Amino acid sequence: MSDGDQRDGRSGIGTLRRDVMKVVGAGGALGALGGTATANEHDDGTPGGMTDDGAPAEPATSTVHTVRTLIGESTSPDRPADFFYQPTGLHVEPGDVVRFVFETPDHNVTSYHPAFGMQRRIPAGVRPFSSPIMGWDPDSLPDDVTEPPAEPGSGGPGAEEGDEGDGADNGDDGGGPVPSTWLYAFETPGVYDLECAPHEAYGMAMRVVVGDETDAAFETSDADQLPQPRAGPVGFARRVLTDPALEPDAIVDKGCVEWSALEAIQSGGEDGESSTE
Ligand SMILES: [Cu+2]
């Protein structure tokens with residue numbers, strides 16, 4: 001990291017740690033709802049950042065993939081809106097980093113793990129992980145506000161009728177959601193199922209396949225085989241995580257599976273969702 005004196009050989013490359021944890025400048029041009037932009041970006045650092053002509057060394061970085069938290073129009077009468085990760089299925093290589101961008105607020109990323117009271121749906125030996133609930137500018141709301149802000153993303157960065165007459169410690173843009181970012185490096189090959197704690201019942205879940213290890217120790221193809229809540233995915237997440245489009249092999253094959261590709265979305269989720277007994 002220090003640009004010290006690493007430049008006398010490629011041998012230094014191996015010792016440079018992955019240095020992707022500095023991402024974060026995710027502010028910028030991210031639109032709130034609905035944008036359909038690229039689901040997956042590779043700001044790939046070419047391995048071995050040392051050039052022969054003595055140009056500055058680039059630390060060897062792994063690929064950074066982006067997953068966005070989105071809210072869309074409901075595709076089922078059973079839920080008020082679609083809450084989803086985009087993409088919903090993602091194949092990465094061991095050591096790759098996924099950057100979760102919270103474009104709509106009040107989501108998180110939680111691994112299915114007994115530590116959280118659920119079936120383990122990540123590889124053995126991987127420690128449970130969870131992000132905080134993210135997406136609101138922490139400085140956007142005065143301390144004495146107790147009610148949730150109105151409709152995320154509805155009016156853009158407009159002020160709700162505020163008592164900001166006095167305070168002046170509001171964000172200048174009226175306190176709308178500000179995309180924030182959480183990073184996780186997937187080191188161990190295997191299948192990882194992740195959920196958004198507030199919206200799991202609405203189907204906000206996703207699968208990451210790391211490397212070519214597509215054999216999961218848990219059922220991935222049949223909602224009826226899943227253990228009952230609270231041990232496994234609940235609600236519409238059961239349909240999502242057993243969707244044919246999210247079969248681990250299909251994810252590896254495609255590299256990246258969008259929410260709209262799920263059969264569960266096409267069919268509106270009419271049956272199978274009702275609490276399996
Ligand atoms: Cu959510």
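The values are calculated or read from the model by the stated rules, or taken from the named source; none is laboratory data. Quantities reported herein were computed from a predicted structural model and do not represent experimental measurements. Note that each Cβ is placed from the backbone with ideal geometry, even for glycine, and that neighbours are counted across all protein chains shown.
Report, by residue number, each residue of the range 75-108 that is assigned to a loop (DSSP other than H, G, I, E, B), touching an Asp or Glu at 6+ places or on another chain (Cβ under 8 Å) and under 28 Å from Asp212 (Cβ atoms).
Those that are assigned to a loop (DSSP other than H, G, I, E, B), touching an Asp or Glu at 6+ places or on another chain (Cβ under 8 Å) and under 28 Å from Asp212 (Cβ atoms): Pro87, Thr88, Pro94, Gly95.
Just checking, how many residues over the range 101-125 are away from the ligand (no atom under 11 Å from the Cβ) and of a type in the set (Phe, Trp, Tyr)?
Of the residues in the range 101-125, 2 are away from the ligand (no atom under 11 Å from the Cβ) and of a type in the set (Phe, Trp, Tyr).
So which residues in the range 240-277 are touching a Gly at 6+ places or on another chain (Cβ under 8 Å) and at pLDDT below 95?
Ala264, Gly269, Glu273 - these are the residues of the range 240-277 that are touching a Gly at 6+ places or on another chain (Cβ under 8 Å) and at pLDDT below 95.
May I ask you to say which residue of Arg230, Arg207 is in contact (Cβ under 8 Å) with a residue 12 or more places away in the chain, among the basic types (Lys, Arg) and surrounded by 23 or more Cβ atoms within 10 Å (Cβ to Cβ)?
Arg207
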